[in-house]
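Since the structure comes first, as structure tokens, the remarks are kept for the end.
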Amino acid sequence: MTELAPSRPEPSAAPSRAFVSLRDVHKSFGHVQVINGMSLDVARGQTICIIGPSGSGKSTLIRCINALVPMNSGSITVDGIEVNGPKLDKLALRRKVGIVFQQYNLFPHKTALQNIMMAPVTVLKQDKAEVEARAHALMKKVRLSGKEASYPGELSGGQQQRVAIARALAMRPEVMLFDEVTAALDPETKKEVLFTIQELAKDGMTCIVVTHEMGFAREVADHIYFTEGGLIVEHGPPAEFFGHAKDPRTREFLSQVL
Amino acid sequence: MLRLRDAFSLPLVSASEGALRSWRRTERTGLALLLVVFVCSTAYSATTAVSGHDSIPTVLWRWAPLLLWGFLFNLIISALSMAVGTAAGLPLGIFQLSPNPLVSRPAKLVTQFFRNAPWLVLLFICVLLLPFEFRIGTLRIPFPDWAKAVIGFALPAMANVAEIVRGAVQSVPSGQWESAESLCFSRRQTMMQIILPQCIKRMLPPWMNLYSLITMSSVNASVVGVTEMLTITTQVHAAEGSRPELLAPLYSFSLICFFLYSYPISKWTEYLERKYQVKE
């Protein structure tokens, strides 16, 4: 799967080499200010986790990155593409950015394999035989070989979520966004999905993970961001973040979830 | 143990079962009544037939082929109306959901206009105001009454199909649009390849219901003189000397024809509704 894995950079990647960069992003729905100026940088190959209480703007923030939700002001760049630009090429942006949702959102009328093949074949007009070979490899990668002909309704939540990951990977993205992908799963199936994400991160995929799984964040993330009330309250490497949180709001949140 | 389970079973379930049972009973009673009227009136008139007149069964037997031929016209008119209405209603329903107000506004206006217009008035307008032929240069394309009636029924069918399509599309979870968008699908590709295929199951029962309604309203065409079962029934009655004892058998015959055609469709619709409800 090396084709899916850009080489991992030096750990001391300078912010100027940030692959995904957010600067002072604001977003409101009507009168409700959801994001109040958030900035963060992700280097190529890095994995960051965004944690925080519900309603703190995490899901909206990552939807801004692939322009599913238009931001009000600020700047987001992905590999040099300005998301808030007037001449944004959404297709080019979304080819670079894969996203996996909490509710899987698989296409219920297509089999697992067809779900994976659909976008590369119909949107990117790639060769069907080549895409099919890639789809089989991806099914193997997410440990679902043998389930190719199953419809989403016949798969468990964890299996559906892994098909959703494979479906996003089939577009050969350079960064993956995960929006609370294990929130709807039971503890057993959660593990399979988290393990799949961990492997992906190890292979060098750039990952931005919104999650409530503190154990996963501590183990997999290179950097952790804590959001509340539409702001990034605190961030740092896992050891520092979980060991010596400075902000009282972070400490209170951690004391509740740990 | 059994009693305990009965006591705890949801009252809602037993109530709906009861409703279903009583509905079945009503249905059976209805059909039985219809047949009783038909048979009794036929038998009564047969016994009291005035000498010199043919008996009711003889009359029915003589005219049945013509009456059924008229019924065939009802079926053709309704099937064509539904075909035209569906072909026009499908895009109309999709246009209503367009993000472009220049497309969605007119589509909504057209839909609401024809959905809220009395069917008989639309039929009158189509049959009386449309020309009897179209001329393209020297070519003359005749446009008979039954074709005008098809347009008359197709207009409300179109508006109702448009609403069925709109409702079905809107019932698909927004996550489907979101994930398609994130995978670079255009709006059009999403609609054609992801949303509409999921909608067919949801659209089928109301669509069949609409077809049934159109079939039964197709007798309205008799009001404007289009040849169909009711028109022919009236003519047959006149041809038999307008004997009052013929009224019940002749019109019951057409009622029974419509019932025997529509009832299986409504049963099948019910079955599909139940089947898809369980799956989702």
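The values are calculated or read from the model by the stated rules, or taken from the named source; none is laboratory data. Values in this document were obtained by computation on a predicted structure and should not be read as measured data. Here the Cβ is made from the backbone with ideal geometry for all residues, glycine too, and neighbour counts use every protein chain on show. Side chains are part of the model used for accessible areas, which takes the heavy atoms of the whole protein and leaves out ligands, DNA and RNA. Shrake-Rupley method; radii C 1.70, N 1.55, O 1.52, S 1.80 Å.
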*Kindly establish whether B:R166 is among the charged types (D, E, K, R), away from chain A (no Cβ under 11 Å) and not in a helix (DSSP H, G or I).*
no
*Mind telling me which of the residues B:K201, B:K148 ends up being in a helix (DSSP H, G or I), facing chain A (nearest Cβ under 10 Å) and charged (D, E, K, R)?*
B:K201
*asked:* Looking only at segment B:197-214, how many residues end up being under 16 Å from B:Y276 (Cα atoms) and open to solvent by 10 Å² or more (accessible area, probe 1.4 Å)?
replied: 11
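Residues checked against (1) at pLDDT 95 or above; (2) crowded, with 19+ Cβ neighbours inside 10 Å; (3) in contact with a helix residue (DSSP H, G or I) (Cβ under 7 Å, 6 or more places away or on another chain):
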position: A:K191; (1), (2), (3): no, no, no
position: A:T206; (1), (2), (3): yes, yes, no
position: A:V210; (1), (2), (3): yes, yes, yes
position: A:M214; (1), (2), (3): no, no, yes
position: A:R218; (1), (2), (3): no, no, yes
position: A:L231; (1), (2), (3): no, no, no
position: A:E234; (1), (2), (3): no, yes, yes
position: A:E240; (1), (2), (3): no, no, no
_Conditions (1) over 18 Å from the mean Cα position of the chain (by Cα); (2) away from chain B (no Cβ under 13 Å); number of the one not met by A:I76_ = (1)
_Residue count, segment A:118-137 (criterion: within 14 Å of chain B (Cβ to nearest Cβ) and either hydrophobic (A, V, I, L, M, F, W, C) or farther than 21 Å from B:P197 by Cβ (or both))_ = 8
*asked:* Regarding segment A:246-253, can at least one residue be identified that is over 28 Å from A:V78 (Cβ atoms), charged (D, E, K, R), open to solvent by less than 50 Å² (accessible area, probe 1.4 Å) and part of a loop (DSSP other than H, G, I, E, B)?
replied: yes
*Could you tell me which numbered condition A:E154 fails, if it satisfies all but one of (1) surrounded by fewer than 20 Cβ atoms within 10 Å (Cβ to Cβ); (2) away from chain B (no Cβ under 14 Å); (3) not β-branched (V, I, T)?*
(2)
*Does segment A:171-187 contain any residue that is assigned to a helix (DSSP H, G or I) and at pLDDT below 95?*
yes
*asked:* Restricting to segment A:72-86, name every residue that is part of a loop (DSSP other than H, G, I, E, B) and open to solvent by less than 20 Å² (accessible area, probe 1.4 Å).
replied: A:V83
*asked:* Can you confirm whether B:C184 is within 14 Å of another protein chain (Cβ to nearest Cβ), closer than 30 Å to A:G153 by Cα, in a helix (DSSP H, G or I) and hydrophobic (A, V, I, L, M, F, W, C)?
replied: no
*Can you name every residue in segment B:87-105 that is closer than 13 Å to B:A168 by Cβ and open to solvent by 20 Å² or more (accessible area, probe 1.4 Å)?*
B:L90, B:I94, B:L97
*Can you name the residue in segment A:89-103 that is assigned to a loop (DSSP other than H, G, I, E, B) and more than 8 Å from chain B (Cβ to nearest Cβ) and is also least open to solvent (accessible area, probe 1.4 Å) among such residues?*
A:Q102
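Matching residues to (1) of a type in the set (V, I, T); (2) free of Cβ contacts under 8 Å to residues at least 12 places away in the same chain; (3) in contact with a Phe, Trp or Tyr (Cβ under 8 Å, 6 or more places away or on another chain); (4) more than 19 Å from B:G167 (Cα to Cα):
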| site | (1), (2), (3), (4) |
| --- | --- |
| B:P206 | no, no, no, no |
| B:A238 | no, yes, no, yes |
| B:A248 | no, no, yes, yes |
| B:F253 | no, no, yes, yes |
| B:Y276 | no, no, no, no |
*For the subset of segment B:234-266 comprising residues that are among the β-branched types (V, I, T) and touching a helix residue (DSSP H, G or I) at 6+ places or on another chain (Cβ under 6 Å), which member is surrounded by the fewest Cβ atoms within 10 Å (Cβ to Cβ)?*
B:I265
*Given (1) open to solvent by 30 Å² or more (accessible area, probe 1.4 Å); (2) modelled with pLDDT of 95 or more; (3) within 14 Å of another protein chain (Cβ to nearest Cβ), where does B:T190 come up short, assuming only one miss?*
(1)
*Pairs, please: C-beta under 6 Å, at least 6 apart or cross-chain, first residue farther than 22 Å from B:S222 by Cβ and in segment B:117-138, second part of a helix (DSSP H, G or I) and hydroxyl-bearing (S, T, Y)?*
none
